[in-house]
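FYI, it's all coordinate maths here, none of it is from the lab. These figures come from a predicted structure and were not determined experimentally. Note that we place each Cβ from the backbone using ideal geometry, even for glycine, and neighbour counts take in every protein chain shown.
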Ligand SMILES: Cc1cc2nc3c(=O)[nH]c(=O)nc-3n(C[C@H](O)[C@H](O)[C@H](O)COP(=O)(O)O)c2cc1C
């Protein structure tokens, strides 16, 4: 094997030491989304990079929520929610909504006809109704049917190796 090549023998994931698995998974660059839903005390947001497109007909998307999250109850049971794809200048929102409680100023929420709180802007937004949930180990896979979408011009926020970055084209 050439120096610096990928380790051919591989490493068996170890539940007791998930760091190697996390490191390897973190090499997969993703966009960043904020999922929003109405919580018991008002609008809530959740930063997620597990978002993926799933089906065009019907229009389905998915993301997954950690069962250990303080916000698991709200997001696993929300009938309606919105998924915002963040633009490159919106890393602050990703940081803000990675915590259940945030000292940052609340966004200027707007509301969809279904009563979903939404952010005033995003690179793209998918308003969803929950379609299905599936077991995903320590996460729950949430599949949403897209009721409505919105998009604007701009470049996406990118996440890889635990860091936010930009897409150079
Ligand atoms: C860029 C980024 C992406 C994330 N993606 C997910 C995700 O897809 N699913 C998830 O459960 N948590 C994800 N998290 C972590 C959650 O946003 C949150 O920090 C964690 O679940 C703890 O939430 P809690 O304060 O509600 O317990 C992500 C965090 C960051 C910064």
Right, residue 48: crowded, with 20+ Cβ neighbours inside 10 Å, more than 11 Å from the ligand (Cβ to nearest atom) and under 18 Å from residue 133 (Cα atoms) or not? no
All-but-one check, residue 20 against (1) in contact (Cβ under 8 Å) with a residue 24 or more places away in the chain; (2) closer than 22 Å to residue 161 by Cα, failing number (1)
Checking residue 36 against (1) over 23 Å from residue 88 (Cα atoms); (2) surrounded by 15 or more Cβ atoms within 10 Å (Cβ to Cβ); (3) more than 10 Å from the ligand (Cβ to nearest atom), which test does it fail? (1)
Looking at region 3-24, is at least one residue within 15 Å of the ligand (Cβ to nearest atom), touching a strand residue (DSSP E or B) at 6+ places or on another chain (Cβ under 9 Å) and assigned to a loop (DSSP other than H, G, I, E, B)? no
Tally, over region 80-125, of residues that are in contact with a helix residue (DSSP H, G or I) (Cβ under 9 Å, 6 or more places away or on another chain), more than 21 Å from residue 142 (Cβ to Cβ) and within 11 Å of the ligand (Cβ to nearest atom): 1
Residues (more than 11 Å from residue 60 (Cα to Cα) and without any contact (Cβ under 8 Å) to a residue 12 or more places away in the chain) located in region 112-134: 113, 134
